[in-house]
C-alpha cells in the first residue's frame with residue numbers, strides 16, 4: 001500500500017499529465033466523461049509506475065502550460081489508455 005506521500009506525488013503527476021494533454025480532470029468528471037471513482041484508480045495505477053522521476057522530467061521539459069497540449073503520454077504511462085480515451089471524447 002502506497003504511503004500518503006507517494007499517493008500525493010502520483011496524484012499530482014496524474015493531474016499534471018492530464019494538463020499536459022490538454023485535459024482538465026475536474027471538468028471531465030463534472031461532464032460525466034470519467035467517474036469520480038476512476039480518479040483514485042488512476043492514481044493507484046500511477047503509483048505502480050517504475051519511472052515517476054522520468055515522468056516528472058518529461059512534464060518539466062515538454063509539457064509546460066505555455067505550450068500546446070502534448071499528443072500522447074510517455075510510452076511507460078500506466079494511464080495512457082484512459083488519457084487516450086478522454087482525448088477522443
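We did not get these values from a lab; they are worked out from the coordinates using the rules stated. If you're wondering where the values come from, they're calculated on a predicted model, not measured in any experiment. Glycine gets a Cβ as well: all are built from the backbone with ideal geometry, and neighbour counts include every protein chain shown.
Summary table below
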{"item": "Percent RCO, i.e. relative contact order, over the chain, from Cα pairs under 8 Å lying at least 6 residues apart", "result": "40 percent"}
{"item": "Kirkwood hydrodynamic radius (C-alpha pairs) into Stokes-Einstein, the stretch 1-61, 37 °C and 0.692 mPa s, D in µm²/s", "result": "272 µm²/s"}
{"item": "Sites residue 53 and residue 3, calculated FRET efficiency, Cβ-Cβ separation with R0 25 Å, nearest 0.05", "result": "0.90"}
{"item": "Ellipticity estimate at 222 nm from DSSP helix runs (n ≥ 4, -39,500 (n - 2.57)) divided over the chain, nearest 500", "result": "-18000 deg cm²/dmol"}
{"item": "Burial ordering of 5, 87, fewest other beta-carbon atoms within 10 Å first", "result": "5, 87"}
